[in-house]
Amino acid sequence: EVLKVPATTVEALVSQEIDGGRLVRIAPDIVAPQEDVKNLEQRLVEHLRLHGSISTQEFKELSGVTRKYAIPLAEFFDARRVTLRVGEKRIAR
């Protein structure tokens, strides 16, 4: 079922949840629960500690999302200085 809510209302609610710390904006059109992002970051850091680097495919498997979401998530962690992209892999900063 589709909700008939104006986009401005949805964006206002999303912004309120971001301001309240319950959601995190991953990309302009992607938000995720703060707790889920924190848990993924912990798993990512642990993977990097054990293996030294992570490929896109490994990150997809670790995060449990499709490439459509894995790439913006990986870029999000780059921007937060958790990871650094080196060629086709990412390493810990």
Arg43 vs. criteria farther than 25 Å from Glu11 by Cα, out of contact with any helix residue (DSSP H, G or I) (no Cβ under 7 Å at 6 or more places or on another chain) and among the basic types (Lys, Arg): no
Residue in the range 66-79 that is least open to solvent (accessible area, probe 1.4 Å), counting only those that are out of contact with any strand residue (DSSP E or B) (no Cβ under 8 Å at 6 or more places or on another chain) and in contact (Cβ under 8 Å) with a residue 12 or more places away in the chain: Ala70
Filter result for Glu61 (open to solvent by 80 Å² or more (accessible area, probe 1.4 Å), within 16 Å of the chain's Cα centre (by Cα) and of a type outside the set (Val, Ile, Thr)): yes
Residue count, the range 1-30 (criterion: under 18 Å from Asp78 (Cβ atoms) and open to solvent by less than 70 Å² (accessible area, probe 1.4 Å)): 4
Conditions (1) touching a helix residue (DSSP H, G or I) at 6+ places or on another chain (Cβ under 7 Å); (2) under 22 Å from Thr83 (Cβ atoms); number of the one not met by Gly52: (1)
Members of the range 31-54 found to be exposed (fewer than 14 other Cβ atoms within 10 Å of the Cβ) and not charged (D, E, K, R), listed by number: Pro33, Asn39, Gln42, Leu50, His51, Gly52
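The values are calculated or read from the model by the stated rules, or taken from the named source; none is laboratory data. Predicted, not measured: the structure shown is a model, and the values here were computed from it. So basically every Cβ, Gly included, is an ideal-geometry build from the backbone, and we count neighbours across all protein chains shown. Heavy atoms of the whole protein, side chains included, go into the accessibility calculation; ligands, DNA and RNA do not. Shrake-Rupley method; radii C 1.70, N 1.55, O 1.52, S 1.80 Å.
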